[in-house]
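Encoded as structure tokens, the structure appears first; notes follow it.
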């Protein structure tokens, strides 16, 4: 890869080839037959312009390459971000589905635990048994919050009380 250009060649100024610094170079060019000082300066300016044009082209290519690299990097970051968002969405969706499934399972367990009533038979008559009555002694003891033997609450004890 060519060396990176650090300054913008569009901002470069052409050197003054008529100055004393370039006298030696101009003298060397003038040594060629039929060449004047003005022609030597024009030749140097033309070569400088050609060099600068070449540098400008390389600079623009470098800028384009940098811009393309930056766009590719941003596109890769965006794609990576989208993948992460997609993974996060999938995780959230799986968590939601698990919660939904757990709720259904809990509902099924509640349904199993519910008491089931026996079916109602429409044409059946109600039983004709009398309601058991407790003895007055048992009722009095209950009112006083005292101990009452279980015998008084059985069928036999209620029959004795009648």
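The values are calculated or read from the model by the stated rules, or taken from the named source; none is laboratory data. Please read these numbers as outputs of a predicted model, since none were measured by experiment. Cβ: placed from backbone, ideal geometry, glycine included. Neighbour counts: every protein chain shown.
When residue 119 is tested against (1) surrounded by 10 or more Cβ atoms within 10 Å (Cβ to Cβ); (2) not assigned by TED's automatic domain parsing to the domain that holds residue 157, just one condition goes unmet, and that condition is (1).
The set of residues in the range 9-30 being within 19 Å of residue 51 (Cα to Cα) and free of Cβ contacts under 8 Å to residues at least 24 places away in the same chain consists of 11, 13, 16, 18, 22, 25, 26, 29.
Scanning the range 37-64 for residues that are over 18 Å from residue 17 (Cα atoms) and surrounded by 12 or more Cβ atoms within 10 Å (Cβ to Cβ), we see that the one that is nearest to the chain's Cα centre (by Cα) is 63. Which of the residues spanning the range 124-136 are modelled with pLDDT of 85 or more and loosely packed, with under 10 Cβ neighbours inside 10 Å? If the condition is that a residue be modelled with pLDDT of 85 or more and loosely packed, with under 10 Cβ neighbours inside 10 Å, then 136 is the only one that fits.
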